[in-house]
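Engineer: Quick one: the structure is below, questions incoming.
The values are calculated or read from the model by the stated rules, or taken from the named source; none is laboratory data. All figures in this text were calculated on a predicted structure; none of them were measured in a lab. Reconstructed Cβ throughout: ideal geometry from the backbone, glycine too, with neighbour counts over all protein chains shown. These area figures cover heavy atoms from the full protein model, side chains too; ligands, DNA and RNA do not enter into them. Shrake-Rupley method; radii C 1.70, N 1.55, O 1.52, S 1.80 Å.
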Amino acid sequence: MGSARVQLQVQPQEHLPASSFSVPLRCGTDFAGRCEFTNLSSGSYELRVEKIGYYALIQSGVQVGATANVDVTLSHQQETKEVVNVVESPPAIDPAQVSAKDEITGTEIIDIPYPGPNDYRNALFFIPGVTPGAFGEPHVAGSESYQTLLLLDGFNVTQPTNGQLVVQSGIDSFRSIAVTPSREPAEFGKGSGGVLGLNTRMGNDQYHFIATDFFPAPQDVKGLSLGSWTPIYTMSGPVRKGKMWFIDALDGEYDNDIIKQLPSGADSDHVWRVDNLAKLQSNLTTRNLVTLSFLSDYYHDPDSGLSVLQPLSSTATDAETVYLGSLKDQYYFRSGALLESGFGVAQYNVALTPHGDSPYIEMTEGATGNYYEHHHTQARRVQALSNLYLPPHQWLGRHDLQAGFDLDRLNYNAEFERQPISFLQPTQPMPGQLPQPCPTDANGLPIVPSTICARYSTFSGGNYSTLYNAEASAYVEDRWLVTNHLFIEPGLRFDWDEIIRTPLLSPRLAGTYTLDDEANTKLSAGIGITYDNTSLGLIHQPLEGQRTDYFFDSNGCPQDASGTSTPCTPAPPPAEPAPIPLSTNFVVNRTALDAPRYVNWSLGLEQKLPYAIFLKLEFLQKRGTHGFAYNTLNGAVDGTFFLGNARDDRYNGFTVSLRHRFRQRYEIFGGYTRSGSRTNEVFDFSIDFPLLSPQRPGPYNWDTPNRFIGYGVLPFYTLPVVHKFDMVYSYEFRSGQPFFGTTDQEEISSVYPEPFRQPAYYTINLQFEKRFRFFRRYWALRGGFDNITNHANVSVANSVIDSAHPFPTYIDNNGRAFDSRIRYLGKQ
């Protein structure tokens, strides 16, 4: 285990005064978890090993002279009973941590109150530098989703097509979640947004069983009904003590989402999902550790998108599955070297199925008919990796060398089928009449004039297609301990893939310097080149079909792309003008593409203040060139989009945070981030979300200039009869997200060419928890409110500028909501 703090001191004797004790010797473990003391006198010593997120290990009676090596194992911190006999590792500044890493521990994932507390992804937004996008997806340091490397226990689980974090696992299964936006070692790449690492637990020699929310929750919305049920069951322990261990985490969710404004019988969406993580770890020999893991996720939404504007018939069934399997072997050589090898497979399946084939109609008041799109997709990643950690080498200090490689094979299979969409003029149908689709002739073309039709869209292509890519990476890096105060980490990385076919070299250099022997002040700095992975989703877009739009003015006469109408009168053919088609298609020339390149540099300061308050300052700057984006030729709105490397990105971020940990599990944390994420090509065009506009500069839609976050777990003393409660809270304030105003014909408004921002978002979540013993078992009961101030936070902005709606208008998400939780923590 790397970066653990080791302290060795002559065994204290009760009959001797404290002044006679020797000064403790200290060191930090290397990559392979080794730490060496030299020139020790024979005798009895006390060994203490600490690492944040693990329980401290104190071992007395270590006999120096009688033994040359001592092997110890740290146990990760986890939620415990009311009375425990363990010692938590105190907070400290780690001089060996060169990267700009922030993390939340497994206990913090459980303790922090936030909406949807059964989904760990909602806890990510309490890590500085991680901001939510329009659909709740995480964005690290202002980057696109696919620009962040996502790891699960060291294996790449980045969704190959869109880069989304779709992996689910129960909150009890995590040891920690770490985000490294800069100064990442050469071991990690590609990904200009940094690394988001999910680290899961493993069982130990004690059996544990934890259950959460095992009772369903009712709701009183249009009558009493089952509202939600989010059971979580986690078991861990030994298969054979000291030899083999297991963990199994089962996580489920059922939600009955009722839309009050819809008629009874057509107002509910019954969503369910279930996931299970199973891991087995075994010491095959004293030098060989093998870990086997399998994670399966199932998600089923029978009426995806149900809302006031999307009634039941116009929704679609969304079924998704994820399978992740991995095998990792760690072998420790007698020479002191450690070889880690692994093999993993990840598969992502998505099926979207409409409820029928009735014509799909979009109106100002909402949609009707059956949803227009039907698709099946499958993405797979097969990965092999190996890392070699060499024993320390002395030359002008200590060198810990590491080298490794990573081989990936990716494929994406997809099939799309779309029916036409009728966009009607903003007028109500006559009473008693149902909306009718745009009238068409025998060839499927809209008839002119079309007084009810504002736009008519048809689709072609999208047949079954397959896309492949192969990736190869290798790296070498050195952790050079120049002095006890100075760490330098140089590294070099090589990347190549089958689509870009250009060898890429990424040099990186970072270091830390501690100003005192106790490491109470640490300075960090680093610079490096990173490249983004080749997004299969962008490369595949030309294979997903083409779109043809026909536009009409309020008189039913055809319009071209510039909005110019062709005069028309009701007349027999061929006197009437033909509708003017505007085709949208995507083109990729792989031989002309370069890999997106970023230069990232950062500075950091960590300071231990009085009263064990830890201050952290971080500044990060990213400059990206050759970014992937679709654009039209010469900026013309002709509907043909070419994938190129003309996107340039800029990100500046400054974060200040304070943390104070009390005894046991109590702590408070607060942070502020000032940042800006801008690009010269802000739009991500696609066939399903067309935007009739050339590329333009602006902020990304997840740009958040100002953001405050914080959380805490504090003891809360009430009346003596009631005894002690824990008070847990969290808060977030952030600037509103930007958006562009568009016309009802999907054009960027010439009246409002600059982006708007939604109103500021803020929420305060406050809950109280009581831990108690009942029937010789330990329990934890929690209750409180999310968004206790009932602030109307915006979830959707209506960006269409037309006469039927005021502009802009916003749709608020849920206000104040009561949340409760019960957890079973184990036997007495």
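Engineer: With touching a residue at least 24 places away in the same chain (Cβ under 8 Å) and touching a Leu at 6+ places or on another chain (Cβ under 7 Å) as the only criterion, which of 124, 165 stands out?
Structural biologist: Values: 124 fails: touching a Leu at 6+ places or on another chain (Cβ under 7 Å).
Among 124, 165, only 165 is touching a residue at least 24 places away in the same chain (Cβ under 8 Å) and touching a Leu at 6+ places or on another chain (Cβ under 7 Å).
Engineer: Which residue out of 547, 479 is within 30 Å of residue 687 (Cβ to Cβ) and of a type in the set (Lys, Arg)?
Structural biologist: On the way: 479 fails: within 30 Å of residue 687 (Cβ to Cβ).
After applying the criteria, what remains is 547.
Engineer: Mind listing whichever residues of the range 452-488 are hydroxyl-bearing (Ser, Thr, Tyr), loosely packed, with under 14 Cβ neighbours inside 10 Å and either at pLDDT 95 or above or more than 30 Å from residue 391 (Cα to Cα) (or both)? Give the derivation first.
Structural biologist: Just the residues of the range 452-488 that are hydroxyl-bearing (Ser, Thr, Tyr), to begin with: 456-458, 460, 464-466, 468, 473, 475, 483.
From the residues that got through so far, the ones that are loosely packed, with under 14 Cβ neighbours inside 10 Å too are 460, 464, 466, 468, 483.
Listed by number, the residues that qualify are 460, 464, 466, 468.
Engineer: Continuing with the same structure: Of all residues in the range 668-681, which are surrounded by fewer than 20 Cβ atoms within 10 Å (Cβ to Cβ) and in contact (Cβ under 8 Å) with a residue 60 or more places away in the chain? Talk me through it step by step, then tell me what you get.
Structural biologist: Narrowing the range 668-681 to residues surrounded by fewer than 20 Cβ atoms within 10 Å (Cβ to Cβ): 668, 670, 672, 674, 676, 678, 680.
If the condition is that a residue be surrounded by fewer than 20 Cβ atoms within 10 Å (Cβ to Cβ) and in contact (Cβ under 8 Å) with a residue 60 or more places away in the chain, then 676 is the only one that fits.
Engineer: Out of the residues in the range 596-623 that are modelled with pLDDT of 95 or more and of a type in the set (Gly, Ala, Ser), which is farthest from residue 523 (Cα to Cα)?
Structural biologist: Among those residues, the one meeting the criterion is 602.
Engineer: For the range 249-269: of the residues being open to solvent by 40 Å² or more (accessible area, probe 1.4 Å) and touching a Phe, Trp or Tyr at 6+ places or on another chain (Cβ under 9 Å), which is farthest from residue 313 (Cα to Cα)?
Structural biologist: 250
Engineer: Residue by residue through the range 371-390, note down the ones that are in a strand (DSSP E or B), open to solvent by 30 Å² or more (accessible area, probe 1.4 Å) and within 30 Å of residue 333 (Cα to Cα).
Structural biologist: Hits for the range 371-390 are 382, 384, 388.
Engineer: Let me ask something else. Just to verify a result, which residue in the range 34-57, among those that are open to solvent by 30 Å² or more (accessible area, probe 1.4 Å) and closer than 30 Å to residue 476 by Cα, is modelled with the lowest pLDDT?
Structural biologist: 52
Engineer: For the range 656-666, does any single residue satisfy the condition of being part of a loop (DSSP other than H, G, I, E, B), more than 30 Å from residue 607 (Cβ to Cβ) and either modelled with pLDDT under 90 or over 22 Å from the mean Cα position of the chain (by Cα) (or both)?
Structural biologist: Within the range 656-666, the first condition is being part of a loop (DSSP other than H, G, I, E, B), and the residues that meet it are 662-666.
So of that shortlist, the ones also more than 30 Å from residue 607 (Cβ to Cβ) come out as none.
No: the range 656-666 contains no residue that is part of a loop (DSSP other than H, G, I, E, B), more than 30 Å from residue 607 (Cβ to Cβ) and either modelled with pLDDT under 90 or over 22 Å from the mean Cα position of the chain (by Cα) (or both).
Engineer: Restricting to the range 198-223, what's the tally of residues that are basic (Lys, Arg) and open to solvent by 40 Å² or more (accessible area, probe 1.4 Å)? Quick ask: steps written out before the conclusion?
Structural biologist: Applying the first criterion (basic (Lys, Arg)) to the range 198-223 yields 201, 222.
From what's left, open to solvent by 40 Å² or more (accessible area, probe 1.4 Å): 222.
Summing the residues that are basic (Lys, Arg) and open to solvent by 40 Å² or more (accessible area, probe 1.4 Å) in the range 198-223 gives 1.
Engineer: Is there any pair linking a residue in the range 693-705 that is part of a loop (DSSP other than H, G, I, E, B) to one that is of a type in the set (Phe, Trp, Tyr) and buried (at least 19 other Cβ atoms within 10 Å of the Cβ), with Cβ under 6 Å and at least six apart or on different chains, and which?
Structural biologist: Close Cβ pairs (under 6 Å, with a partner that is of a type in the set (Phe, Trp, Tyr) and buried (at least 19 other Cβ atoms within 10 Å of the Cβ)) amount to 695/683.
Engineer: For residue 279, are the conditions met, namely being in contact with a Phe, Trp or Tyr (Cβ under 7 Å, 6 or more places away or on another chain), touching a residue at least 12 places away in the same chain (Cβ under 8 Å) and within 22 Å of residue 210 (Cβ to Cβ)?
Structural biologist: Answer is yes for this residue.
Engineer: Might you check whether a residue that is among the aliphatic types (A, V, I, L, M), within 25 Å of residue 150 (Cβ to Cβ) and without any contact (Cβ under 8 Å) to a residue 60 or more places away in the chain occurs anywhere in the range 202-213? Walk me through it before giving the result.
Structural biologist: Let us first name the residues in the range 202-213 that are among the aliphatic types (A, V, I, L, M), namely 202, 210-211.
Filter once more, so that each one left must be within 25 Å of residue 150 (Cβ to Cβ): 202.
This time we only want the ones that are without any contact (Cβ under 8 Å) to a residue 60 or more places away in the chain, so: none.
No, every residue in the range 202-213 fails to be among the aliphatic types (A, V, I, L, M), within 25 Å of residue 150 (Cβ to Cβ) and without any contact (Cβ under 8 Å) to a residue 60 or more places away in the chain.
Engineer: I need a count of the residues in the range 311-361 that are within 16 Å of residue 161 (Cα to Cα), in contact with a Lys or Arg (Cβ under 9 Å, 6 or more places away or on another chain) and of a type in the set (A, V, I, L, M, F, W, C).
Structural biologist: The qualifying residues number 2.
Engineer: Let me ask something else. May I ask you to list the residues in the range 255-296 that are touching an Asp or Glu at 6+ places or on another chain (Cβ under 8 Å), aliphatic (A, V, I, L, M) and part of a loop (DSSP other than H, G, I, E, B)?
Structural biologist: Correct list: 259 only.
Engineer: For the range 532-545, does any single residue satisfy the condition of being part of a strand (DSSP E or B) and either modelled with pLDDT under 90 or under 26 Å from the mean Cα position of the chain (by Cα) (or both)? If you could, list the steps in order and put the result at the bottom.
Structural biologist: Step one: filter the range 532-545 for residues part of a strand (DSSP E or B), giving none.
The answer is no; no qualifying residue exists.
Table: residues versus (1) under 28 Å from residue 274 (Cα atoms); (2) in contact with a helix residue (DSSP H, G or I) (Cβ under 9 Å, 6 or more places away or on another chain).
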| position | (1), (2) |
| --- | --- |
| 172 | yes, yes |
| 177 | yes, yes |
| 184 | no, no |
| 190 | no, yes |
| 198 | yes, yes |
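Engineer: Hey, another quick one. Does the range 301-316 contain at least one residue that is modelled with pLDDT of 95 or more and surrounded by fewer than 17 Cβ atoms within 10 Å (Cβ to Cβ)?
Structural biologist: The answer is no, given that none of the residues of the range 301-316 is modelled with pLDDT of 95 or more and surrounded by fewer than 17 Cβ atoms within 10 Å (Cβ to Cβ).
Engineer: Looking at 195, 140, which one is buried (at least 24 other Cβ atoms within 10 Å of the Cβ), in contact (Cβ under 8 Å) with a residue 12 or more places away in the chain and under 27 Å from residue 700 (Cα atoms)?
Structural biologist: Working: 195 fails: buried (at least 24 other Cβ atoms within 10 Å of the Cβ).
Being buried (at least 24 other Cβ atoms within 10 Å of the Cβ), in contact (Cβ under 8 Å) with a residue 12 or more places away in the chain and under 27 Å from residue 700 (Cα atoms) holds for just one of 195, 140, which is 140.
Engineer: Then there is this: Please indicate, with yes or no, whether at least one residue in the range 405-417 is among the hydroxyl-bearing types (Ser, Thr, Tyr), in contact with an Asp or Glu (Cβ under 8 Å, 6 or more places away or on another chain) and in contact (Cβ under 8 Å) with a residue 24 or more places away in the chain. Explain how you work it out, then say what you get.
Structural biologist: Going residue by residue through the range 405-417, those that are among the hydroxyl-bearing types (Ser, Thr, Tyr) are 412.
Within this subset, residues satisfying the condition of being in contact with an Asp or Glu (Cβ under 8 Å, 6 or more places away or on another chain) are none.
Taking every residue of the range 405-417 in turn, none turns out to be among the hydroxyl-bearing types (Ser, Thr, Tyr), in contact with an Asp or Glu (Cβ under 8 Å, 6 or more places away or on another chain) and in contact (Cβ under 8 Å) with a residue 24 or more places away in the chain.
Engineer: If you don't mind, another one. Please work out which residue is nearest to residue 266 (Cα to Cα), limiting yourself to the range 224-239 and to residues that are open to solvent by 30 Å² or more (accessible area, probe 1.4 Å) and not hydrophobic (A, V, I, L, M, F, W, C). I'd like the intermediate steps shown before the answer.
Structural biologist: We begin by selecting, within the range 224-239, every residue open to solvent by 30 Å² or more (accessible area, probe 1.4 Å); these are 224-226, 228-229, 233, 235, 239.
Remaining after also requiring not hydrophobic (A, V, I, L, M, F, W, C): 225, 228, 233.
Numbers: 225: 15, 228: 18, 233: 33 Å.
Going through the qualifying residues, I end up with 225.
Engineer: Quick one: would you say residue 237 is in contact (Cβ under 8 Å) with a residue 12 or more places away in the chain, out of contact with any Leu (no Cβ under 6 Å at 6 or more places or on another chain) and either of a type in the set (A, V, I, L, M) or assigned to a strand (DSSP E or B) (or both)? Steps first, please.
Structural biologist: Values: in contact (Cβ under 8 Å) with a residue 12 or more places away in the chain: yes; out of contact with any Leu (no Cβ under 6 Å at 6 or more places or on another chain): yes; either of a type in the set (A, V, I, L, M) or assigned to a strand (DSSP E or B) (or both): yes.
Spelling it out, residue 237 is indeed in contact (Cβ under 8 Å) with a residue 12 or more places away in the chain, out of contact with any Leu (no Cβ under 6 Å at 6 or more places or on another chain) and either of a type in the set (A, V, I, L, M) or assigned to a strand (DSSP E or B) (or both).
Engineer: Yes or no: residue 368 crowded, with 19+ Cβ neighbours inside 10 Å, more than 30 Å from residue 481 (Cα to Cα) and not hydrophobic (A, V, I, L, M, F, W, C)? So that I can check it myself, show each step before the final result.
Structural biologist: Numbers: crowded, with 19+ Cβ neighbours inside 10 Å: yes; more than 30 Å from residue 481 (Cα to Cα): yes; not hydrophobic (A, V, I, L, M, F, W, C): yes.
In short, yes.
Engineer: Looking only at the range 509-538, which residues are open to solvent by 10 Å² or more (accessible area, probe 1.4 Å) and out of contact with any Gly (no Cβ under 9 Å at 6 or more places or on another chain)?
Structural biologist: 513, 515, 516, 517, 518, 519, 520, 521, 527, 529, 538
Engineer: Just name the residue that is nearest to residue 155 (Cα to Cα) out of those in the range 317-337 that are in a loop (DSSP other than H, G, I, E, B) and either open to solvent by 50 Å² or more (accessible area, probe 1.4 Å) or touching a helix residue (DSSP H, G or I) at 6+ places or on another chain (Cβ under 8 Å) (or both).
Structural biologist: Quick first cut of the range 317-337, residues in a loop (DSSP other than H, G, I, E, B) only: 333-337.
Next, only the ones that are either open to solvent by 50 Å² or more (accessible area, probe 1.4 Å) or touching a helix residue (DSSP H, G or I) at 6+ places or on another chain (Cβ under 8 Å) (or both) stay: 333-335.
Numbers: 333: 23, 334: 27, 335: 27 Å.
Of everything passing the filter in the range 317-337, 333 is nearest to residue 155 (Cα to Cα).
Engineer: Right, another one. Six or more apart or on different chains, Cβ atoms under 6 Å: show the pairs whose first residue is in the range 539-566 and farther than 26 Å from residue 468 by Cβ and whose second is open to solvent by 20 Å² or more (accessible area, probe 1.4 Å) and among the small types (Gly, Ala, Ser).
Structural biologist: The qualifying pairs are 548/583; 553/565; 557/565; 559/565.
Engineer: Now for a separate question. Inside the range 746-779, can you point out the residues that are polar (S, T, N, Q) and open to solvent by 40 Å² or more (accessible area, probe 1.4 Å)? Show your work before the answer.
Structural biologist: Step one: of the range 746-779, the residues polar (S, T, N, Q) are 749-750, 758, 763, 765, 767.
Residue satisfying the conditions is 750 alone.
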